[in-house]
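The values are calculated or read from the model by the stated rules, or taken from the named source; none is laboratory data. Owing to the predicted nature of the structure, the values given are computational and were not obtained by experimental measurement. Here the Cβ positions follow ideal geometry from the backbone for every residue, glycine too, while neighbour counts run over all protein chains shown. Keep in mind that these areas ignore ligands, DNA and RNA; they rest on the heavy atoms of the full protein, side chains included. Shrake-Rupley method; radii C 1.70, N 1.55, O 1.52, S 1.80 Å.
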Amino acid sequence: MNLSYVPTQPDGPWATYLSQIDEVVPYLGRLARWAETLRRPKRALCVDIPIEMDDGRIAHFEGFRVQHSLTRGPGKGGVRYHPDVTLEEVMALAAWMTIKNAAVNLPYGGAKGGVRVDPSRLSERELEKITRRYTSEIGIIIGPNQDIPAPDVNTNAKIMAWMMDTYSMNVGATATGVVTGKPVALGGSLGRVKATGRGVFVIGRETARRLGVSLDGARVAIQGFGNVGSATAELFAGNGAKIVAVQDHTGTVVNAKGLDIAGLMGELRARGGIGAYSGGDRVPDEHFWDVESDILVPAALEGQITADRARRLKTRIVLEGANGPTLAEADAILGRRGITVIPDVMANAGGVIVSYFEWVQDFSSFFWTEDEINVRLEKILVGAYRKIWETAELHKIHLRTAAFVVACERVLLAREERGLYP
Ligand code: NAD
C-alpha cells in the first residue's frame, strides 16, 4: 500500500490529478503560495473489514475514506466498491471532489471512500455486512457535519440506507444527513438517482449550443451504462439525439441509426449488461473508440481515454461523465486536435449538487418537489459553467484548467482567510 503522496503509477489517477494541479498553478497569482495544500490529502483512513462469509469463512477486505480537503466545509464524496480500489485511487477521487464542489460553489470540501471488493461475487447478506462494518470503522470521521458519503461505482440507495442505519445505531439517534443518495422514504431526495446523468446532459446541451452543434440528430457514443451512462443516454435520446454506440463491461453495441434506450434498459435488467443486446451490431470493445460521433461520453471508470485512443477518436466533444476518464497525455492530444473536452468536475457535478439539496432538505426536514430540484440543479450548473467558460476565454486555456482555476482560487482563498492552525 502506498502511504506517500508520490504517485506509484505514472498513468494512475493520483498522477493525473497532480499534473492537473501543476497546470493550474501559474494562474493562481499570490494564492499559488498555498498550492501545496492541494497536493496532500488532509486525512486518509485505512480500515480492515473482517466478515463471516455465508460459507463460514472469515474474509478480510480493505476499506478507505480520504478527506482531501475540509477547508470550505464538510467532506463530501461517494463510496466505491470495486476489486481495483486502492488508497491512491481514492486519494485522487477525493481530490477531484474538492475541485468539483468548489467549481460549482457548494459549501463542501472533498472526500471519497472505497472498499476493495467485487460485489458481484457477494450475497446480499455479505454485502450488507461489509457495508455495516465499513461504516462503523469510518464512523470516527464521517457525520452530517463532518463528511457525508454518497453512492459511486457499484453502490446505490440500498447501501446508503444500510450506512445511514449503522451510523444512526452507533450514535443513538436517526441521522439522515450522514449520507446522501438514500431511498426517498428515508430522507432521500427526489431526482437524486438521475441527477448525475441529468447534469451530464445539461452541460452537453449547453456545450452543443455554444459550439453550434444541433442536438437534433446529434450522434452520441456512451461508455458505461450504469447510473450515469443510462440516465445520460435517456435524456440525450429524449431530446432528439441518436445514441450510436454503448459499451459496458459485458460488451459494445453500435447502431448508426440510433439504439433503442428502453430496449437497452430492458436488456440490462434481464441480463445485468448490454453486451448481448440484439437491437444493434455487437463489435469488439476496442472498436468503440473508432465510432464516429458528435459527443462521446465516457461514463465508466477512470483512465479510459489513453493517448492512443485520443489520436483515433472521431468526435467533436468529449463529455466526461466518469471521474478522471482522460489521461493527462491524452488530454493534451485532444486539445491539439481541437476536440472540446468538458471536464468531469463540471460535467458530472449534477449528482453532488442534488446530494447537497438532499442534505439541506434533511437538515430542514422539508422536502422539495422534483420540478423544484431539477430547476435549481440547472440554475447552479449552467451558472457555474458560464463562469468556467468565461475564465477559459479570459486566460485562453482549456475548460479543465479553467475549472481548476475557479475551484482552486475558491479553496485557497478560504485557506488563506482561515489561516494556519495553530
Ligand atoms: P455504475 O456502477 O452504476 O456503472 C458503471 C458502468 O461502467 C457499468 O455500466 C459498467 O458495466 C461499466 N464498466 C465498468 N467497467 C467497464 C469497462 N472496463 N469497460 C466498459 N464499461 C465498464 O457507476 P456510476 O455511478 O454510473 O459511475 C460511473 C462513473 O461516473 C464513475 O467514474 C463515477 O465515479 C462517476 N460518477 C458517478 C456519480 C453518481 O452519482 N453515481 C456522480 C459523479 C461521477
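Answer yes or no as to whether Y5 is open to solvent by 30 Å² or more (accessible area, probe 1.4 Å), closer than 27 Å to A330 by Cα, touching a Pro at 6+ places or on another chain (Cβ under 9 Å) and aromatic (F, W, Y).
yes
V153 versus (1) within 16 Å of the ligand (Cβ to nearest atom); (2) at pLDDT 95 or above: which is the lone unmet condition?
Unmet for V153, out of (1) within 16 Å of the ligand (Cβ to nearest atom); (2) at pLDDT 95 or above: (2).
For the range 297-330, which residues satisfy the criterion of being more than 13 Å from the ligand (Cβ to nearest atom) and outside any loop (DSSP other than H, G, I, E, B)?
A307, D308, A310, R311, R312, K314, I317, V318, A328, E329, A330
Just to be sure before I move on: is A237 away from the ligand (no atom under 16 Å from the Cβ), under 28 Å from I380 (Cα atoms) and either modelled with pLDDT of 95 or more or not hydroxyl-bearing (S, T, Y) (or both) in the structure I sent?
For A237, the condition - away from the ligand (no atom under 16 Å from the Cβ), under 28 Å from I380 (Cα atoms) and either modelled with pLDDT of 95 or more or not hydroxyl-bearing (S, T, Y) (or both) - is met.
Of all residues being open to solvent by 10 Å² or more (accessible area, probe 1.4 Å) and within 12 Å of the ligand (Cβ to nearest atom) in the range 81-96, which is nearest to L381 (Cα to Cα)? Just the residue, please.
E89
Does the range 113-127 contain any residue that is open to solvent by less than 20 Å² (accessible area, probe 1.4 Å) and in a loop (DSSP other than H, G, I, E, B)?
Yes, the range 113-127 contains at least one residue that is open to solvent by less than 20 Å² (accessible area, probe 1.4 Å) and in a loop (DSSP other than H, G, I, E, B).
Please determine whether any residue of the range 161-171 is open to solvent by 60 Å² or more (accessible area, probe 1.4 Å), within 16 Å of the ligand (Cβ to nearest atom) and modelled with pLDDT of 95 or more.
The answer is no, given that none of the residues of the range 161-171 is open to solvent by 60 Å² or more (accessible area, probe 1.4 Å), within 16 Å of the ligand (Cβ to nearest atom) and modelled with pLDDT of 95 or more.
Right, T369: surrounded by fewer than 24 Cβ atoms within 10 Å (Cβ to Cβ), among the β-branched types (V, I, T) and away from the ligand (no atom under 16 Å from the Cβ) or not?
yes
Restricting to the range 203-234, name every residue that is within 14 Å of the ligand (Cβ to nearest atom), part of a helix (DSSP H, G or I) and either of a type in the set (S, T, N, Q) or surrounded by fewer than 20 Cβ atoms within 10 Å (Cβ to Cβ) (or both).
Answer for the range 203-234, where residues must be within 14 Å of the ligand (Cβ to nearest atom), part of a helix (DSSP H, G or I) and either of a type in the set (S, T, N, Q) or surrounded by fewer than 20 Cβ atoms within 10 Å (Cβ to Cβ) (or both): N227, S230, T232, E234.
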